[in-house]
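Asker: Sending over a structure as structure tokens; questions will come in a sec.
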Amino acid sequence: MSQVALIPLVAWVAALTCWGIALARGPRPLPRAFILDRALRYIFIFPLGLLGLWAFFGHVLFPVRAAEAIGWPPSPFQFEVGYANLGIGLASFYAAFTTFYARVAVAIAASCFLVGAGIGHVHDMMAYDNLTPGNAGPILLTDFLTPVVVLTLLIASSRRSKPQPRSPDSDALDAEIEVARDAMRSYREALDRFVKG
């Protein structure tokens, strides 16, 4: 099996393996939010992050070999595609460890790029009978699978099941904040009286 066919599969296997390990080592009972968060984290790290870097190196540093694997002649556009992949890869690493909204933004950009690439591969298959591994192999599957899975997980994680009960620590912190607010009000009133009088 060629590298072009193998790497996308390895990325998904790595994501699923790390997700399984995280779930095995996670808190009990496993909160739904934890399950979804870890699935998204490892998809952002492997199928989006590492594959983005891999595609960058392929298109920018080895453009002839990358074009051959896709069944295309080398093109100056590979340089641009490579840097688009670099941006997606780096942004995906960032999104893996940040907020829901960063993940949504990166997922939208990556999904547009990947679905567009997938449509291009399908067109190439139908119009030119291009069945090379870099055009019709696992990369074609991941061009559509990755956006569908990421967007589905993001939608699922945006829906809160039920409000989580507040911990006693949260209640204690709220009480301390209220005491601090009262102290600040008293200080402000005393300062105003001092300045005016």
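The values are calculated or read from the model by the stated rules, or taken from the named source; none is laboratory data. A quick note: this is a predicted structure, and the numbers were derived from the prediction, not measured. Backbone-built Cβ (ideal geometry, glycine too); neighbour counts: all protein chains shown.
Asker: Looking at the stretch 43-60, is at least one residue among the hydrophobic types (A, V, I, L, M, F, W, C) and over 19 Å from residue 146 (Cβ atoms)?
Answerer: Yes; the residues of the stretch 43-60 include at least one that is among the hydrophobic types (A, V, I, L, M, F, W, C) and over 19 Å from residue 146 (Cβ atoms).
Asker: If you don't mind, another one. How many residues does the stretch 103-124 hold that are under 21 Å from residue 65 (Cβ atoms) and either aliphatic (A, V, I, L, M) or part of a loop (DSSP other than H, G, I, E, B) (or both)?
Answerer: Residues that pass the stated criteria total 1.
Asker: How many residues does the stretch 2-23 hold that are among the small types (Gly, Ala, Ser) and within 15 Å of the chain's Cα centre (by Cα)?
Answerer: Start the filter on the stretch 2-23 by keeping residues that are among the small types (Gly, Ala, Ser), which leaves 2, 5, 11, 14-15, 20, 22.
Checking which are within 15 Å of the chain's Cα centre (by Cα) leaves us with 11, 14-15.
So the count comes out to 3.
Asker: Here's another thing I want to ask about it. Could you grab me the full set of residues in the stretch 43-102 that are in contact (Cβ under 8 Å) with a residue 24 or more places away in the chain, over 28 Å from residue 130 (Cβ atoms) and not in a helix (DSSP H, G or I)?
Answerer: Correct list: 97 only.
To keep it simple, each residue is scored yes or no on (1) in a helix (DSSP H, G or I); (2) at pLDDT 95 or above; (3) touching a helix residue (DSSP H, G or I) at 6+ places or on another chain (Cβ under 8 Å).
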| position | (1), (2), (3) |
| --- | --- |
| 131 | no, yes, yes |
| 151 | yes, yes, yes |
| 189 | yes, no, no |
| 195 | yes, no, no |
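Asker: Quick test of your reading of the structure: residue 39 fulfils all but one of (1) within 22 Å of residue 15 (Cα to Cα); (2) free of Cβ contacts under 8 Å to residues at least 24 places away in the same chain. Name the failing condition by number.
Answerer: Result: residue 39 passes all but (2).
Asker: Residues of the stretch 1-33 being over 30 Å from residue 131 (Cα atoms), of a type outside the set (A, V, I, L, M) and buried (at least 16 other Cβ atoms within 10 Å of the Cβ), which ones? Can you show your working first?
Answerer: At the first step, the residues of the stretch 1-33 found to be over 30 Å from residue 131 (Cα atoms) are 18-33.
Then drop every residue that is not of a type outside the set (A, V, I, L, M), which leaves 18-20, 25-29, 31-32.
Within the stretch 1-33, 18, 19 meet the criteria.
Asker: Another one. With the requirement that a residue be surrounded by 20 or more Cβ atoms within 10 Å (Cβ to Cβ) and within 17 Å of residue 8 (Cα to Cα), what does the stretch 90-103 give you?
Answerer: Result: 92, single match.
Asker: If you check residue 38 against the conditions, is it over 24 Å from residue 112 (Cβ atoms), assigned to a helix (DSSP H, G or I) and among the basic types (Lys, Arg)?
Answerer: Working: over 24 Å from residue 112 (Cβ atoms): yes; assigned to a helix (DSSP H, G or I): yes; among the basic types (Lys, Arg): yes.
Yes: the conditions hold for residue 38.
Asker: So if I check each of 106, 148, 122, 115, which one is in contact (Cβ under 8 Å) with a residue 60 or more places away in the chain and surrounded by 10 or more Cβ atoms within 10 Å (Cβ to Cβ)? Please lay out each step first, then the result.
Answerer: Numbers: 148 fails: in contact (Cβ under 8 Å) with a residue 60 or more places away in the chain; 122 fails: in contact (Cβ under 8 Å) with a residue 60 or more places away in the chain; 115 fails: in contact (Cβ under 8 Å) with a residue 60 or more places away in the chain.
Only one candidate qualifies: 106.
Asker: Now for a different question. Quick one: would you say residue 45 is surrounded by 13 or more Cβ atoms within 10 Å (Cβ to Cβ), out of contact with any Pro (no Cβ under 6 Å at 6 or more places or on another chain), β-branched (Val, Ile, Thr) and within 21 Å of residue 117 (Cβ to Cβ)? Working first, answer last.
Answerer: Working: surrounded by 13 or more Cβ atoms within 10 Å (Cβ to Cβ): yes; out of contact with any Pro (no Cβ under 6 Å at 6 or more places or on another chain): yes; β-branched (Val, Ile, Thr): yes; within 21 Å of residue 117 (Cβ to Cβ): yes.
Yes, satisfied.
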